[in-house]
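Everything on this sheet refers to the single structure shown next.
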Amino acid sequence: MNKMFIFGAGASLGAYFNSKPHIYPPIGKDLFKELKKKDPQLWNPLNEEFKKAKGDFEVFYHKIFEENKRDFTFFEKHQKSIAKLLFDYQLTPCSIYNSFLTSGLLTDEDTLVSLNYDRLLALALRDLNRNYEKVIYPHGNSSIGGEGLSGNGNAPMIIRENTVCGISVSNGTSLVVDNGVANVKHGGFSINLEEFPENPIICRYEVDKKTSSGFNYIERQRVLYNNAIESASDFFIIGARIFEHDFEHLWREILTKKDEANIFLVNPSTEQDSGFDILQRKIANEHKRVKHIPCGFEDFVKNFECLV
């Protein structure tokens, strides 16, 4: 029975939560705080808007997008600033990602999905000589770059022949892998875990998860994600909070697939705060089993057999 592991922001946070000093990628209020430290000229002018959003970064970012949506340069700068901050977080030996990958929970048939913009999961896979190119990124990632990108679908769609790390490579396009760096030549997209890309492909860090660049890459990733759902029977959603606004592009296919499925939400928050009640309400039929596992990433890895 194939498994799908879906990692949200809480997984990267939980991967280092017990470390000293705290070195995990920030979320919410902490994300805005760190962005201001890294790029004060860009983010300090938005202090008042962030206060109005009461610490909810996605709500805040959505609002400033609506107010500046005709200014593409404005968002290009802010998107790149977010991507660069999260790209800079490094993997350390204490990361729970390492523990997870060496725990025996993962088989070659299982699927890894990251909703995060940081590269910690990919770095852990690479360091263990695992195929980090197979991670699916429905929201993009700070290590993914591209050329000739467009948010409105005007970039040429590349959908032929071979697929590597969700990168579709067309006839006449070559893929070169050197020292853990995969580069697609002659257009398309590339993944680089060593150097921050000039044009990082990430969805906007806001409620709708819309795309300002790399539209075709994101669409292709979501196709791969939906295809992988069909072959999986056990779904582990780790460190992600379930929101109504994510239902269509993230959870619908899992909750409405015809076959039997076991869906586990691994989140230390209460059922209401984690969004587990939304999963229960949206479940399509009696062939689905949903369970809330109220623990963090580390405890989940250590006590998998008991918890499931």
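The values are calculated or read from the model by the stated rules, or taken from the named source; none is laboratory data. The model shown is predicted, which means the values in this text are computed figures rather than measured ones. When we count neighbours, we look across all protein chains shown, and the Cβ atoms used for this are built from the backbone with ideal geometry, even at glycine.
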Next on the checklist: Please determine whether any residue of the range 250-266 is among the aromatic types (Phe, Trp, Tyr) and assigned to a strand (DSSP E or B).
Outcome noted: yes
Item to check | Contacts under 6 angstrom Cβ, first residue in the range 254-281 being under 21 Å from Asn303 (Cα atoms) and without any contact (Cβ under 8 Å) to a residue 60 or more places away in the chain, partner in a helix (DSSP H, G or I) and acidic (Asp, Glu), 6 or more apart | outcome: Glu271/Asp277
Checklist entry - Looking at this structure, is Arg281 of a type in the set (D, E, K, R) and touching a Gly at 6+ places or on another chain (Cβ under 7 Å)? => result no
Checklist entry - What about Pro93, is it in contact with a Phe, Trp or Tyr (Cβ under 9 Å, 6 or more places away or on another chain), under 29 Å from Val301 (Cβ atoms) and at pLDDT below 90? => result no
Item to check | Hits in the range 264-290 (condition: surrounded by 14 or more Cβ atoms within 10 Å (Cβ to Cβ), of a type in the set (Gly, Ala, Ser) and either in contact with a Leu (Cβ under 7 Å, 6 or more places away or on another chain) or closer than 16 Å to Asn2 by Cα (or both)) | outcome: Ser274
Next on the checklist: Against the definition (out of contact with any helix residue (DSSP H, G or I) (no Cβ under 6 Å at 6 or more places or on another chain), crowded, with 16+ Cβ neighbours inside 10 Å and closer than 29 Å to Gly28 by Cβ), how does Ala261 come out, yes or no?
Outcome noted: no
Checklist entry - Identify, please: which residue in the range 272-295 is among the aliphatic types (A, V, I, L, M) and in a loop (DSSP other than H, G, I, E, B) and is, among those, modelled with the lowest pLDDT? => result Ala284
Checklist entry - Looking at (1) hydroxyl-bearing (Ser, Thr, Tyr); (2) surrounded by fewer than 19 Cβ atoms within 10 Å (Cβ to Cβ); (3) part of a helix (DSSP H, G or I), which is the one condition that is false for Tyr225? => result (2)
Checklist outcome for this item: Within the range 42-86, the residues that are under 14 Å from Cys203 (Cα atoms), under 20 Å from the mean Cα position of the chain (by Cα) and without any contact (Cβ under 8 Å) to a residue 40 or more places away in the chain are His78
Item to check | Only listed residue being assigned to a helix (DSSP H, G or I), buried (at least 23 other Cβ atoms within 10 Å of the Cβ) and of a type in the set (Phe, Trp, Tyr), chosen from Tyr117, Tyr97 | outcome: Tyr97
